[in-house]
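I have placed the structure first, in the form of structure tokens, so that the comments after it can refer back to it.
The values are calculated or read from the model by the stated rules, or taken from the named source; none is laboratory data. Computed from a predicted structure; not experimentally measured. Cβ: placed from backbone, ideal geometry, glycine included. Neighbour counts: every protein chain shown. The area values use the complete protein model at the heavy-atom level, side chains included, leaving out ligands, DNA and RNA. Shrake-Rupley method; radii C 1.70, N 1.55, O 1.52, S 1.80 Å.
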Amino acid sequence: MLKLGTSLGLLAVLFFRMDLLRFYNTFVSANPYYLVIAAGVLLTAKMITAVRWALLAKALGFKDSLGQFFLYYLFGMFFNLFMPSTVGGDAVRVLYLFRDGRENVADGWKAAVGRALLSVAADRLTGGIVLVWIGAVALLAFPTYAMALPWPVRYSVWTIAAGSVLVWPLLWFAGSLLKSWRGLGWIETLQEYVTPYRTNPYLVLQTIFISLIVHFLQTWIQILIGHSLNLNIPWSYCFIFFPLVDILSMLPLSVSGLGLREGGYYYFLGKLGIGAEQAVACGMLWFAVVLVNGLLGGLVFLVHRRSVAAPYPERSEQVSA
């Protein structure tokens, strides 16, 4: 209820600042041709992201097929729509990977849960770090746009990007520094889990490259949404504002980022002189594209549940008994 109240409150503030009739006319006038392409591009980006997750999970011993990873990612997209931010979808991915792949992990079900959780965390962390770096590099490469943003925003992005470089050395040294501490046996377990990552730089480079492709596709979607409203949003500026808006919408403060996302579009696109009605319409159209993909994941989830349950009619007899 708090998250819903936050979303409704932020949207109310935005709607108070614009002409609602003009916003409605702008929103419904969007060219569906570009939106259909955008939905297809987002689905492609998510499937490529599933490949990244599969690489990270297979390095930890999971042997699920690539098709199964696609399914789990679709399920996560659906649950992201109404569970806490992206955390809900990530929890669903951990659940299905553990449930269907635990027999492939030799050291017990607890290890399977830990490895599944680590694979999803590594997938999310890799994508987030690359996203921040895209924004940081764009702020340096396009100073004209960067100077339009407040200095705390610029320096926060640069600080986070620079700090993320420390993740790799920590994988090497944290375990050896902390394993001597009494009562921290879990540190040694974690060190064992991350060994496939810290000893395989080629895997890290693969996941970084995949993340770059995914974020470039998501940036292209912003261009497509702009074209649907006859707005010419520069590529260079998309590389600055979209990473910041995407990170903002991931915060578990609202329902599926609703309100936070639109507020981000209102602020950043306003720096280009784009009106409030058009900026918020862009944010709502991006949510619509995400919603379509999430509902597709929900449809696949329902079909998959029925197909799995169909060969086992004795389950219904046990329930009735």
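Among the numbered criteria (1) at pLDDT 90 or above; (2) charged (D, E, K, R); (3) under 24 Å from F142 (Cα atoms), which one does E277 miss?
For E277, the exception is condition (3).
Looking at region 136-145, is at least one residue under 30 Å from T26 (Cα atoms), at pLDDT below 90 and surrounded by 12 or more Cβ atoms within 10 Å (Cβ to Cβ)?
Within region 136-145 (the criterion being under 30 Å from T26 (Cα atoms), at pLDDT below 90 and surrounded by 12 or more Cβ atoms within 10 Å (Cβ to Cβ)), the answer is yes, since at least one residue qualifies.
Select, from L291, L295, the only residue that is closer than 21 Å to A12 by Cβ, at pLDDT 90 or above and part of a helix (DSSP H, G or I).
Only one candidate qualifies: L291.
For S249, state whether it is surrounded by 15 or more Cβ atoms within 10 Å (Cβ to Cβ), assigned to a helix (DSSP H, G or I) and at pLDDT below 85.
yes
Could you identify the single residue in A50, A38, A57 that is under 21 Å from I225 (Cα atoms), modelled with pLDDT of 85 or more and not in a loop (DSSP other than H, G, I, E, B)?
A38
Failed condition for H227, given (1) open to solvent by 30 Å² or more (accessible area, probe 1.4 Å); (2) free of Cβ contacts under 8 Å to residues at least 60 places away in the same chain, with all others met?
Against the list (1) open to solvent by 30 Å² or more (accessible area, probe 1.4 Å); (2) free of Cβ contacts under 8 Å to residues at least 60 places away in the same chain, H227 comes up short only on (2).
Which number in (1) touching a residue at least 24 places away in the same chain (Cβ under 8 Å); (2) over 27 Å from W220 (Cβ atoms) marks the one condition that L20 misses?
Exception for L20: condition (1).
Among the numbered conditions (1) modelled with pLDDT under 90; (2) part of a loop (DSSP other than H, G, I, E, B), tell me where A30 comes up short.
(1)
Residue by residue, here is whether (1) at positive phi; (2) at pLDDT below 60; (3) open to solvent by 70 Å² or more (accessible area, probe 1.4 Å) holds:
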residue	(1), (2), (3)
A174	no, yes, no
L190	no, no, yes
T195	no, no, no
N200	no, no, no
L203	no, no, no
Q222	no, no, no
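For region 24-74, what are the residues that are of a type in the set (D, E, K, R) and surrounded by fewer than 19 Cβ atoms within 10 Å (Cβ to Cβ)?
K58, K63, D64
For region 159-167, indicate whether the set of residues that are outside any helix (DSSP H, G or I), modelled with pLDDT of 85 or more and open to solvent by 90 Å² or more (accessible area, probe 1.4 Å) is non-empty.
No - not one qualifying residue is present in region 159-167.
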